[in-house]
Amino acid sequence: MRARYGIPLGITAAGAAGLLYAAGFEARSFRLRRVTVPVLPTGMRPLRVLQVSDIHLVSGQYKKQRWLRSLAGLRPDFVINTGDNLSDPEGVPEVLDALGPLMEFPGAYVFGSNDYYGPKLRNPARYLIERVQGRHGLNGNPPTVGAIHNPWEDLRDGFDAAGWLNLTNTRGTLKIEGTSIELTGLDDPHIKRDRYAEVAGGPSGSADFSMGVVHAPYLRVLDSFTADGYPLILAGHTHGGQLCIPFYGALVTNCDLDTDRVKGLSTHTAEGRTSYLHVSAGCGTNRYTPVRFACPPEATLMTLVSRD
């Protein structure tokens with residue numbers, strides 16, 4: 001009996017321990033990524049940008065809410081929210097409360113699919129299958145039927161009331177101590193709401209610095225931003241792979257971005273131009289898969305400095 005069942009029981013115990021760690025510890029082990037990006041024009045003073053993404057708040061996640069409120073102590077020059085704030089249709093008041101201290105700073109936002117629609121239970125193996133087949137979100141998959149509609153309008157109204165710029169397929173400008181920051185944003189490419197033609201043309205030239213903002217880093221969007229000459233692009237969506245293999249990395253990105261750039265700072269090249277790309281691993285999970293492994297939840301404090 002011992003010889004027959006010892007190995008299966010050992011595997012089961014190890015799997016249970018891994019699941020307990022991934023759900024009970026790592027998914028709640030919030031981190032701050034710090035990165036320096038040389039993108040500003042010569043002589044321009046450094047700018048500190050806090051990026052928050054993929055909060056996926058479920059009502060009652062108090063530790064996450066306390067951590068988000070604590071980020072205001074970093075005193076960033078401005079805040080960029082790259083979407084997927086919700087994983088609960090009842091979560092809007094708690095998102096606005098958790099982000100309240102950050103909304104005291106200048107900021108801007110784009111939405112992700114989970115801001116518009118409630119999460120659905122799905123087999124995690126489908127992400128691997130879709131990667132192999134080249135299908136992600138509505139990009140090649142049939143339209144979602146019977147989706148839960150989140151009260152995203154209330155979330156939008158709360159951000160707007162705080163003075164954050166809505167970058168849904170549009171441009172906006174922040175003034176930071178006399179410095180003008182032009183932001184060009186897109187709605188979520190994961191559900192085909194991006195309309196790059198409405199913002200095409202590149203930086204206007206009237207601002208001191210320009211950057212692109214989007215939720216899901218699909219290649220068509222990165223190509224457009226880069227070809228138009230934006231020196232920096234911010235995105236989220238990938239969760240850093242969420243379930244990673246130690247010393248190997250992510251298995252999926254949930255879009256057509258390669259796994260080598262699933263999180264952190266990298267570069268993207270298109271039509272002979274190169275942009276910096278920062279992808280946040282985000283600080284939450286889908287409510288039906290509340291686990292992370294070898295990929296802690298995070299926010300990022302970027303210091304933008306001169307190209308020199």
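Nearest 500 deg cm²/dmol is fine: what mean residue ellipticity at 222 nm does the chain get from its DSSP H runs of n ≥ 4 alone, each adding -39,500 (n - 2.57), divided by its residue count?
Helices in the chain give a 222 nm mean residue ellipticity of -7000 deg cm²/dmol.
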Taking the full set of protein chains and a 1.4 angstrom probe, give the accessible area of LYS192 in square angstrom, rounded to the nearest 10. 100
Counting alpha carbon pairs within less than 8 Å and at least 6 residues apart, what relative contact order, in whole percent, applies to the chain? 27
Please work out how much length the chain gains when fully extended from SER206 to LEU32, using 0.36 nm per residue of separation minus the C-alpha to C-alpha distance, in nm with one decimal. 59.4 nm
In what sequence, largest accessible area first, do TYR116, TYR62, TYR127, TYR288 appear using a 1.4 Å probe? TYR62, TYR288, TYR127, TYR116
Highest mean first, what order results for 273-279, 143-149, 178-184 on Cβ atoms within 10 Å? 273-279, 178-184, 143-149
Mean Cβ-within-10 Å packing, highest first, puts peptides 245-254, 106-115 in the order 106-115, 245-254
So what is log10(I(q)/I(0)) for region 151-308 at q = 0.10 1/Å, when the Debye sum runs over its Cα atoms only? -0.39
Could you check the spin-label model distance between PHE25 and THR274? Points 7 Å from the Cα along Cα→Cβ, value in nm. 3.9
Between TYR62 and THR170, the two model label points (7 Å from Cα along the beta-carbon direction) sit apart by a distance in nm of 3.8
Send over a whole-number figure in Å² for the accessible area per residue of the chain, probe 1.4 Å. 45
For region 203-308, give the percent of accessible area contributed by carbon and sulfur heavy atoms, probe 1.4 Å, rounded to a whole number. 51
Two-decimal ratio, region 199-262, of alpha-carbon radius of gyration to 2.2 N^0.38 Å: 1.32
Tell me the accessible surface of GLU130 in square angstrom (1.4 angstrom probe, heavy atoms of protein chains only), to the nearest ten. 10
On each of the three principal axes the extent of the alpha-carbon atoms of region 220-308, given in whole Å and largest first, is 39, 27, 26
With no solvent and one point on each alpha carbon, what is the Debye value of log10 I(q)/I(0) for region 61-210 at q = 0.10, 0.12, 0.14 Å⁻¹? -0.43, -0.61, -0.81
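The values are calculated or read from the model by the stated rules, or taken from the named source; none is laboratory data. Since the structure is predicted, the reported quantities are computational estimates derived from the model, not experimental observations. In this analysis, Cβ positions are derived from the backbone assuming ideal geometry, glycine residues included, and neighbour counts consider all displayed protein chains. Ligands, DNA and RNA are excluded from the accessible area calculation, which covers all protein heavy atoms including side chains. Shrake-Rupley method; radii C 1.70, N 1.55, O 1.52, S 1.80 Å.
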